[in-house]
């Protein structure tokens, strides 16, 4: 049985995602497509526009056979963690033969060469990396500069032009793909990786592709939703999404079952509130806050009149906006260093299944029989209620997943839908 995995967010599922899914089936000739997807909060530390169950329905209606949720503790960290733990879960399922990811360059060999170099850091590379970081340059740019400086020391890299390598490391999907490849090499996985060239505008672009008027980024579609009334948002997004996916979006918007712009602003105010209740010493308990950065965060929270000011006053040359957002969200969830260490040290992975294609239910048997880690449909199989004081890493990680849904529910436009503990009563989605 041939099974291909896609690592996704589908925020929301659009025509570019449909192209990726269809092309993945074509180039791998796989019988089954399994999706591992971030839950209610994304890797950029933002609430998804639709909850994980609606996005699961979109994926299944558009060709996926089974959808797995990436645990929150891995999903809202840097690209390296996001990619590595996604690959680890897929590897431990013992079901995946291949993965396919999109990239701006669309060439697997150069991405593999860069990944291999990063997995085998030369002393000169480390020296230059340290030098650039001390200059106040952020880690991604420092790593790029150090690799170019150490270019001659890597046999595989010398097959490619320096400028091509430099430009490759400027694009987000290339960087994520490199992280997937690093992890596959690191754990000596037999999963075969493929990449396809992304079509359409850049990842963060807020425009429609000028050649194909039906292709736009997820960023553009989210902005349509947040900056228009529902009728106009649906009208303008109609040609940018597959029919089935758009119909789900329409249904969720009309019900008020989506993260509204006003409630996202309130979420950011709650983060400011939470920081003001702490002090710099307590802020040091969170990952990524060192070398006086706690003072910068605390001072910004005391001065911030609105969430935009908070972010502007915290980010810097060596702390990118995405990195700051992830730190702030971890503070909001009280996901401190101690709890991250408990979960990461044990590497107590699990496979949380959100939905399945009715015609492919045999995949449940397959994954249950082959997986070397627990397969979970409902958290009640493991925990009766969230517990953040436990030393059990599985209980702790699942507790954060449940909490993420509970807090996300407060963002729904329709206040009648904001009940907690949906993870416990939501049935497995079958389409």
If you average the sequence gap of Cα pairs under 8 Å that are 6 or more apart and divide by the length of the range 261-342, what percent do you get for the contact order? 37 percent
Cα convex hull volume per residue for the range 261-342 (Å³): 91 Å³
Order these peptides, 124-136, 392-404, 94-106, by their mean beta-carbon neighbour count within 10 angstrom, highest first. 392-404, 94-106, 124-136
When 169, 428, 90 are ranked with the fewest other C-beta atoms within 10 Å first, the list becomes 428, 169, 90
Ascending count of other beta-carbon atoms within 10 Å, so fewest first, for 375, 3: 375, 3
Listed with the fewest Cβ neighbours within 10 Å leading, 91, 347 appear as 347, 91
Nearest-5 percent of antiparallel DSSP beta bridges in the chain? 25 percent
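Let me have the relative contact order for the chain, percent, based on Cα pairs under 8 Å that are six or more residues apart. Please report the intermediate quantities before stating the final value.
Details: 711 pairs, mean separation 92.2, N = 431.
Value for the chain: 21 percent.
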Between the alpha carbon centres of the range 383-431 and the range 101-117 the gap in Å comes to 36 Å
So, with points 7 Å from each Cα along the Cβ direction, the residue 164-residue 291 label distance in nm works out to 3.4 nm
Looking at the square roots a ≥ b ≥ c of the eigenvalues of the Cα gyration tensor of the range 357-430, which shape do they give, rounded for a/c under 1.5, prolate if a/b is larger than b/c, or oblate? oblate
Ranked output for segments 159-168, 77-86 by mean other Cβ atoms within 10 Å, highest leading, reads 77-86, 159-168
Highest mean packing first, using Cβ neighbours within 10 angstrom, the peptides 258-271, 308-321 sort as 258-271, 308-321
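Just so you know, all these numbers are worked out from the coordinates, no wet-lab data involved. Since we're looking at a predicted model, the values are computed, not measured. Note that we place each Cβ from the backbone using ideal geometry, even for glycine, and neighbour counts take in every protein chain shown.
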